[in-house]
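Asks: Pasting a structure below so you can have a look.
Computed from the coordinates by the stated procedures, all read-outs in this text should not be read as laboratory data. What you see is a predicted model, and the numbers here were worked out from it, not measured in a lab. No Cβ is skipped: glycine too gets one built from the backbone with ideal geometry, and neighbour counts run over all protein chains shown.
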Amino acid sequence: MSGRLRRAYRGMRLGTRLALGLGVLSLVVFAVVGTALTTYMRDYLSAQLDTQLAQGQVAQSKSIADYGTLSGKKYYSWYYAVYDVSDGEPVLRRPEDPADIPADVDDFTSLARAQTVASTEVLRTEHLRGKGEYRLRACEVEPGVVLVSAAPMEDIEDTVGQLITIQAVTFGLALLALVVLGRGMLRRGLQPLSDMAHTARGITSHDLTDSGRLSVRHDGRGGGPEVEELRTAFNTMLEHIDDSLVVRAEAEQRLRRFVADASHELRTPLMSVRGYADLFQYAAANAPEERDRHLARLRAEAARMGFLLDDLLLLARLDAAEVETPLRPQEADLVDLVEQAADAFRVTHAGHPLTVAPGPGSLALRLDPQRIRQVLDNLLTNAAMHTPAGTGVSVAVSLIGDAAQVRIADAGPGIPPADRQRVFDRFYRVDKARSRDRGGSGLGLAVAESLVRAHGGRIDLTSEPGATVFTVTIPLTVGALTKS
Ligand code: ATP
Ligand code: MG
């Protein structure tokens, strides 16, 4: 039984539960108030009856003392017994009217006896057989004479009974109204929460796997500050989920594109390797003088594939840099690194005159010299690869604020505005066909940017015909040394 009740309670809506709780609480309050009121009323009426008895006895005592009779001083349905005390034992006087005393006067006699030994009046509540509850009062009229009066308490009981009935009815009605109206009001108050739950249910039916935004929001109003707060938190959470989903979808998209591009880029040198291998085999049998040429091409293609794989591997490791950084930082001189890169450039790209602008004599900072050299090489190679022969290239090192800067500029045709942002994307080339002919895979700038970012720096690009400038900014770490 209690189990079923508990199950039924658990199945109730929150509004009903709260209303029921309110009802139980009110019931307790009503019971306490009702009991207090009834007790007070009964005490008050009893005290009043006692006063009435006392006042009546004053007049009756006088009458008995003066005339030996009670006539004319009686109340309807009250009893009066007069006792003469002889040797300490009360003896009932014959009543003037037989109706003055009840059939059974034992209680009266015992009270009169108690009065003979008491110094003040004695009061007692007795149940008179066949008559009901009576309030008895005994007083000494004069030495040796005791008067015992009895007043019915039936009226008090009736009044108290009526009071209880009235209270029960009004409290009951109030309780009913409280539960019914309270339930309605609570339900209305809790409606915004139901609406929110409805919205949350709506999300479950939403396909989270598509890349579109989660357009579900809870747009109710009102309900008080708490509900408003909950609604704001709810919507903020949705916003957050939404953003995360979009970021994840974009990341997945990027990854897919990256894998597709990587496979595509790897296929090209692989096909070449196979082609040259076939040619080599053919030449070995038929034209031995061609053999070395094919072998050299085969080696070159394999090397190109190796570079591509190196770049891909490095990018993957840089992507996972939060777990383990692929850098080996040490104290190194940036000016020295730039000079080494410039020397190598002069040797390999003789067709592009290079100028190194005067700057600080040395600029020591904490970095991975090999990787920063790779960044410089990539940028310098681009300046030679993507500009016509004879185009001037310049490189400058400077210290700006708390960062070291390397500017690599060329006087080439520049990069169109629409491509400027995208040249840092993986596998992105402005002119795909031409860049690939030059051996480019479109990873150079992506690698350079990731490396510089791993050093806490950034690469900026400004370009216009005749002036393309890549600026590498690396923040100085604590204790960086400069000499001019
Ligand atoms: P990789 O460097 O991987 O061998 P790549 O040079 O084509 O190939 P990135 O270095 O990433 O790739 O450069 C991306 C593209 O940006 C290039 O294909 C080229 O179109 C353009 N670009 C880069 N540097 C310059 C430059 N100095 N002048 C003009 N275009 C440039
Ligand atoms: Mg490049």
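Asks: Please give, to one decimal in nm, the separation of the simple spin-label points placed at Tyr76 and Arg366, each 7 Å out from Cα toward the Cβ.
Replies: 11.1 nm
Asks: Among Leu181, Leu111, rank each residue by its count of other Cβ atoms within 10 Å, from fewest to most, as a rough exposure measure.
Replies: Leu181, Leu111
Asks: Further question: Tell me, in nm to one decimal, what length is gained between Tyr282 and Val24 on full extension, where the rule is 0.36 nm per residue of separation less the Cα-Cα distance?
Replies: 82.9 nm
Asks: Give the residue from Asn382, Ala467, Leu363 lying farthest towards the positive end of the charge dipole for segment 330-483; charges sit on Cβ (+1 for Lys and Arg, -1 for Asp and Glu) and the dipole is referred to the Cα centre.
Replies: Working it through, the farthest residue towards the positive pole turns out to be Asn382.
Asks: So what is the orientation-averaged projected area of segment 8-159, using the convex hull of its C-alpha atoms, in nm²?
Replies: Mean shadow area of the hull around the Cα atoms is 12.7 nm².
Asks: Let me ask you something else. Say the dipole of segment 330-483 comes from +1 at the beta carbon of Lys and Arg and -1 at that of Asp and Glu; which of Ala418, Val406, Val452 then lies farthest toward its positive end?
Replies: About the Cα centre, the residue reaching furthest to the positive side is Ala418.
Asks: Let me spell out the model: positive unit charges on the Cβ of Lys and Arg, negative unit charges on the Cβ of Asp and Glu, origin at the Cα centre of segment 330-483. What dipole size does that give, in debye rounded to 20?
Replies: Using only the charged Cβ atoms, the result is roughly 400 debye.
Asks: Taking Cα atoms of segment 19-105, Rg/Rh with Kirkwood Rh, to two decimals?
Replies: Rg/Rh for segment 19-105 comes to 1.32.
Asks: Give me D for the chain in µm² s⁻¹, whole number, from Stokes-Einstein with Rh from the Kirkwood sum over alpha-carbon pairs, 4 °C and 1.567 mPa s.
Replies: Reported coefficient: 38 µm²/s.
Asks: Continuing with this model, one more query. Please report, in whole Å, how far the alpha carbons of segment 207-326 spread along each principal axis, starting with the longest.
Replies: Per principal axis, max minus min of the Cα coordinates gives 92, 31, 12 Å.
Asks: So if I place +1 on the C-beta of Lys and Arg and -1 on the C-beta of Asp and Glu, and nothing else carries charge, what would the dipole magnitude of segment 262-342 be about its Cα centre? I want it in debye, nearest 20.
Replies: 600 debye
Asks: At a Förster distance of 45 Å, what's the computed FRET efficiency of Ala320 paired with Arg4, Cβ-Cβ distance as r, to 0.05?
Replies: About 0.15, to the nearest 0.05.
Asks: Looking only at GluC sites (Glu not before Pro) in DSSP loops with at most 14 other Cβ atoms within 10 Å, what is the longest site-free stretch of the chain?
Replies: 97-321
Asks: Here's another thing I want to ask about it. Between Asp336 and Gln52, what length in nm is gained on full extension when 0.36 nm per residue of separation is reduced by their alpha carbon distance?
Replies: Roughly 90.2 nm would be gained on extension.
Asks: Now for a different question. Provide the gained length on full extension for the span Val259 to Leu295, in nm with one decimal, where the gain is 0.36 nm per separating residue minus the Cα-Cα distance.
Replies: 10.0 nm
Asks: Would you work out the charge dipole size for the chain about its Cα centre, treating the Cβ of every Lys and Arg as +1 and the Cβ of every Asp and Glu as -1, and quote it to the nearest 20 debye?
Replies: 2240 debye
Asks: Going toward the positive end of the dipole of the chain, with +1 on Lys and Arg Cβ and -1 on Asp and Glu Cβ, which of His127, Val180, Val32 do you reach last?
Replies: My answer, from the dipole projection, is Val180.
Asks: Please compute the Kirkwood hydrodynamic radius of segment 260-369 from all pairs of different C-alpha atoms, in Å with one decimal.
Replies: 17.9 Å
Asks: Give me the Kirkwood hydrodynamic radius of segment 330-483 in Å, from all C-alpha pairs, to one decimal place?
Replies: 15.6 Å
Asks: Please identify the longest segment of the chain free of exposed chymotrypsin sites (Phe, Trp or Tyr not before Pro), where exposed means a DSSP state other than H, G, I, E or B and no more than 14 other Cβ atoms within 10 Å.
Replies: Segment 77-484 is the longest.
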